[in-house]
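Below is one structure, written out as structure tokens, with a few remarks after it.
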Amino acid sequence: MAINILDFKTDLRVASDFILSTGLCRKALKASLPGGTANIIRDIIQTIDMLVQSCHLPEFTDHGISHLVSLIDRADQWTVGDDTLLAELLNPDEAAILALAILTHDLGMLSQDPLDMETAQSTKGMSNVAGWVRKTHCKRLRRLLKRILEGARYTEFAQSNFFNLLCHVAMAHEEWSWQKKPQHYPNIRKMAHNVL
């Protein structure tokens, strides 16, 4: 399904409805996540839209709703081998992890809070905020997303193995295949046995 991304810049509800109507998200909605998969997806989309409004780093490319609509639309069209849609081969939990990872993968690009770092890191003398945000956006994802979910009363979900696996998948784009020791891939494999 070809879409005009510009249509989603002004209407959050239309963008949310589009995302939830994709085959990938329709499959994901069958997952039994604490708090309800559809509610979690809608609240994450709404939070991202609010973060975009408060992120004042004009040197960044779009990490907002238009970007997410485009990525979900492309992921919904991914095929394997015999042109079977990937979403058709995934179980509901796998579809939910993929959809939520796509939605949250750049969440850290929209926040500049050093308190979201997993380990203490000094910000004294930090003069290049945009560079720091770009460099640490994956490292801050887990704490930021957990804070957002717990604030929206999805505490049980934010403390689940599913959430941990979701974070590993979302943060995996911090690394590239040519790097010698990717840190997230072994964790994804190890966590998957506990979740799926």
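Laid out as a table, the results:
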quantity	calculated
Solvent-accessible surface ranking, highest first, for 139, 30, 146 at 1.4 angstrom	30, 139, 146
Rounded accessible area of residue 160 (nearest 10 Å², 1.4 Å probe)	20 Å²
Derived scalar couplings ³J(HN,Hα) [the stretch 23-31; Karplus, 6.51 cos²θ - 1.76 cosθ + 1.60; whole Hz; x for Gly, Pro]	x, 4, 6, 4, 5, 4, 5, 7, 6
Accessible area in the full protein assembly, largest first, 1.4 Å probe, for 17, 82, 73, 49	82, 17, 49, 73
Label-point separation, residue 82 to residue 14 (7 Å along Cα→Cβ), nm	3.9 nm
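The values are calculated or read from the model by the stated rules, or taken from the named source; none is laboratory data. Since this is a predicted model, take the numbers as computed values, not measurements. For neighbour counting, all protein chains shown are included, and Cβ atoms are generated from backbone atoms with ideal geometry for every residue, glycine included. Heads up: the accessible areas ignore ligands, DNA and RNA and are worked out on the full protein's heavy atoms, side chains in. Shrake-Rupley method; radii C 1.70, N 1.55, O 1.52, S 1.80 Å.
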